[in-house]
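Reviewing the structure listed below.
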Amino acid sequence: MKKNLLAFFSFFLCALLFAQKSKSITFNSCDLRGQAVSEKMFSSNKITMLNVWGTFCPPCIREMPDLAALYKNNKDRGVAVIGIPIDISTIDGKVNPLLKKDAEKIIASTGADYLHVVPSAEMFSGFLRNVQAVPATFFVDSDGNIIGKMYLGAKSEADWQKIIDKLLKDIKSE
């Protein structure tokens, strides 16, 4: 009985250890202009803000001008902003041309001139699988490791700036 119990707990512990997913983001996709992108783009920034949004989401669209201002005000500090319009492709990575066109119109009308990445099947099965609502925002470091927590809901430019300042301070002190 003790051997069976010990074997069960050993198996359970091993399963837990090996089931842990890396917090590092990896993917291959393209931007809205069709240019190839991958997690390698994170390496040129101290932190990258990943904002998952939907063309159907008024709070997402309302916050986009603030995200554009954040990008402009922080890019010289090593901060990038990347938008991911989650509803323009299916979970198997097939792009809906009408929704892609809607996303492009929204980006133009809001001045959200930062990079927007088309979600690929790899992204849906990876780091996007836990996104249940939009807007959802999280940050990664230059190695693509998720830092901090996922933030749900839209925030003001000032609120995002406080979060960015704290993340930059935390990275600097490491």
Next on the checklist: Here is a list: GLY148, GLY153, GLY83. Which entry is under 16 Å from the mean Cα position of the chain (by Cα), of a type in the set (Gly, Ala, Ser) and open to solvent by 50 Å² or more (accessible area, probe 1.4 Å)?
Outcome noted: GLY148
Checklist entry - If you go through segment 91-114 one residue at a time, do you hit one that is at pLDDT 95 or above, open to solvent by less than 60 Å² (accessible area, probe 1.4 Å), touching a Cys at 6+ places or on another chain (Cβ under 9 Å) and not hydroxyl-bearing (Ser, Thr, Tyr)? => result yes
Checklist entry - Just wondering, is there one or more residues in segment 120-141 that are buried (at least 18 other Cβ atoms within 10 Å of the Cβ), of a type in the set (Val, Ile, Thr) and assigned to a helix (DSSP H, G or I)? => result no
Checklist entry - List the pairs whose first member sits in segment 90-112 and is touching a residue at least 12 places away in the same chain (Cβ under 8 Å) and among the β-branched types (Val, Ile, Thr), whose second member is open to solvent by 70 Å² or more (accessible area, probe 1.4 Å) and in a helix (DSSP H, G or I), and whose Cβ atoms are under 9 Å apart, counting only residues at least 6 apart or on separate chains? => result ILE91/SER125; THR110/ARG62
Checklist entry - Could you count how many residues in segment 104-133 are in contact with a helix residue (DSSP H, G or I) (Cβ under 6 Å, 6 or more places away or on another chain), of a type in the set (A, V, I, L, M, F, W, C) and under 10 Å from ILE86 (Cβ atoms)? => result 0
Checklist entry - Looking at segment 48-105, which of its residues are more than 13 Å from ALA154 (Cα to Cα), part of a helix (DSSP H, G or I) and in contact with a Lys or Arg (Cβ under 9 Å, 6 or more places away or on another chain)? => result ARG77, ILE88
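The values are calculated or read from the model by the stated rules, or taken from the named source; none is laboratory data. From a predicted model like this one, the values you see are computed outputs, not experimental measurements. Please note: Cβ atoms are built from the backbone with ideal geometry, for glycine as well, and neighbour counts cover all protein chains shown. Accessible surface is based on the protein model in full, side chains and every heavy atom, while ligands, DNA and RNA are left aside. Shrake-Rupley method; radii C 1.70, N 1.55, O 1.52, S 1.80 Å.
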